[in-house]
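The values are calculated or read from the model by the stated rules, or taken from the named source; none is laboratory data. This is a predicted model, so every value here is computed, not measured. Cβ placement follows ideal geometry from the backbone for every residue including glycine, while neighbour counts extend to all protein chains displayed.
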Amino acid sequence: METWIRGAFALTALSFGIAAVACGSDTELTGFTGSADGVGGVATGGTGGANAGGGGEAIVPPIECTSEPGDTAAHCQGLDPCPITVDRIVSCDGPVRDLFVLATPNDVLLGGVAEERQLRAWAVTQDDLEAMPGLPSLSYDNPSARVDLQGTAHVLAQTLPAGERGTDYDARLFRRDAGGFASVEVPNRKLRSFRVDPAGELHFWGRSQGGEDQHHWGTPASGYQVEPLVSPHDIANPLPDLAADGTPIAYAAADIASAFRLYVRVDDTNRELGADMGSGYDPFTPFGQATPAPAAGASRYGAVLFREQGLTAAWAGTAGWGEVPIPETNPYDEPCSGACPQDCTLDFRAVHRKNYVPARASSGALWLPHLITNVDARLRYEIDDNPSGCRVDTVSDDSTYELVLSRVLLDGSPAQTMLRVPTITTTSFAAGSSSPALWAHAYADDLAIALFLLSDDGLRLRVLRIDTTLLVPEL
């Protein structure tokens, strides 16, 4: 998932890794690491793996992960058969960042960047967890993952020489096969994101050596073509994507004609998507593609917008656009801020801007898993000699997460709540307000979800696979 926020887009590898960022420095939060530029620790010494394409990288012992069954039966909501077909609690003995999750025909693929910037992946089924071989021992950053029409996983990541960081990276693409992962030829070193279209062609976006934003497409066998990436109204920092039919498009938001709106460049035309975004700081997350592609006539593209009133789903229609609100998605608020000293009790339900993930199904519907935080906390504001003059301490925090799965048919009908998993884990109001805890991806009509669980050390996730054809709307 890529998300646009505050005037620029952030590559999120289908989602963000858990990170708490302060002043651009690396910060660790309950088992995840990250930084403002997405770069974690630095690897040192050693020799490369079989497919490394060079030496100087450390061969790092793999992170150890185990899994145990989740409490599936408690969340089937009386449905038989149960729509939750995979439910595993995954625990690893070290931190992982830049997580991604993919639904494939036979399992859920979970991956991310572990210690020493090593790219790791695991296959999760209802019965077990299996580490995937075949990823060279290199220093990786910013992985993103997609599946093709057959459900085969592809992972793109940036590699840097040991001990270095910055923009002088090489892009590497790996395709999952029977033996693990195999390297695939890519058209350019400076790639940042990719997609696979309904015809099986690979689409990459990145920058030329001269700094020009580019779109590459083709296959390793037939070769790749290249063209400039065109932004709607020439707005800076466009977010590229593919429409449901495989057409290259680009999203960008800007204040034009006294209205801050989302625009899409499609078919050589600039088109509006959704109502006025208001403040200009509201992030949006595009959706369009589904694998396999939806039938002709389905909406070609859309986006979920995070507004002051909560989440809304906007989509392209045959003429113009449509938009519906998602219920129970009020944004975070801190109603007691401002006065110092004081004690403040927080008691409300809210969704943070990083805790929702749109996923398009082959039916054409949009699935929107999101985490509602039931905030139950008490804060103390005390006079302090810091620049703000006030320090905030957490006196108590009994907040919890609730997973809610909404469906939007993209036809103008209201969004429907299809599944609730209440009190899935305790959380932290402070951490929840700044860190993502949800990752998701759809293949056909199956939805894979990974949820962050609090842990004293390392990584702890709950991994779900949901057969959306078995769900019924909440009454």
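The condition (being closer than 29 Å to residue 362 by Cβ and touching a His at 6+ places or on another chain (Cβ under 7 Å)) is satisfied by just one residue among 192, 176, 146: 146.
Select from the range 132-154 the residues that are modelled with pLDDT of 95 or more and not in a loop (DSSP other than H, G, I, E, B) and write down the one among them that is surrounded by the fewest Cβ atoms within 10 Å (Cβ to Cβ). Residue satisfying both the conditions and the ranking: 154. I need the full set of residues from the range 227-259 which are surrounded by fewer than 15 Cβ atoms within 10 Å (Cβ to Cβ) and on the phi < 0 side of the Ramachandran plot, in order please. Of everything in the range 227-259, those that are surrounded by fewer than 15 Cβ atoms within 10 Å (Cβ to Cβ) and on the phi < 0 side of the Ramachandran plot turn out to be 227, 228, 236, 247, 255, 256, 259. From the residues in the range 83-131 that are surrounded by 21 or more Cβ atoms within 10 Å (Cβ to Cβ) and small (Gly, Ala, Ser), which one is nearest to residue 405 (Cα to Cα)? Taking the candidates together, the pick is 103.
Of the residues screened, residue 192 is not one that is free of Cβ contacts under 8 Å to residues at least 24 places away in the same chain, surrounded by 15 or more Cβ atoms within 10 Å (Cβ to Cβ) and under 27 Å from residue 447 (Cβ atoms).
Screening the range 348-368 for residues that are charged (D, E, K, R) and part of a strand (DSSP E or B) and picking the one that is farthest from residue 289 (Cα to Cα) gives 349. Quick check, is residue 417 at pLDDT 95 or above and among the polar types (S, T, N, Q)? Taking the combined requirement at face value, the residue satisfies it.
Only one of the numbered conditions (1) over 30 Å from residue 241 (Cα atoms); (2) polar (S, T, N, Q); (3) touching a Pro at 6+ places or on another chain (Cβ under 6 Å) is violated by residue 386, and that is (3).
Say we look at the range 372-415 and pick out the residues that are part of a strand (DSSP E or B) and among the polar types (S, T, N, Q); which of these is surrounded by the most Cβ atoms within 10 Å (Cβ to Cβ)?
Taking the range 372-415 first, the residues part of a strand (DSSP E or B) are 372-383, 390-397, 400-408.
With the extra rule that they be among the polar types (S, T, N, Q), the set shrinks to 373-374, 394, 396, 400, 406.
On the way: 373: 23, 374: 17, 394: 12, 396: 11, 400: 16, 406: 25.
Among those that are part of a strand (DSSP E or B) and among the polar types (S, T, N, Q), it is 406.
For the range 224-273, a tally of residues being of a type in the set (A, V, I, L, M) and over 25 Å from residue 306 (Cβ atoms) returns 2.
When the range 69-114 is filtered for residues that are farther than 24 Å from residue 362 by Cα, among the acidic types (Asp, Glu) and assigned to a strand (DSSP E or B), only 98 remains.
Of the numbered criteria (1) under 24 Å from residue 355 (Cβ atoms); (2) among the aliphatic types (A, V, I, L, M); (3) loosely packed, with under 15 Cβ neighbours inside 10 Å, the one residue 324 fails is (3).
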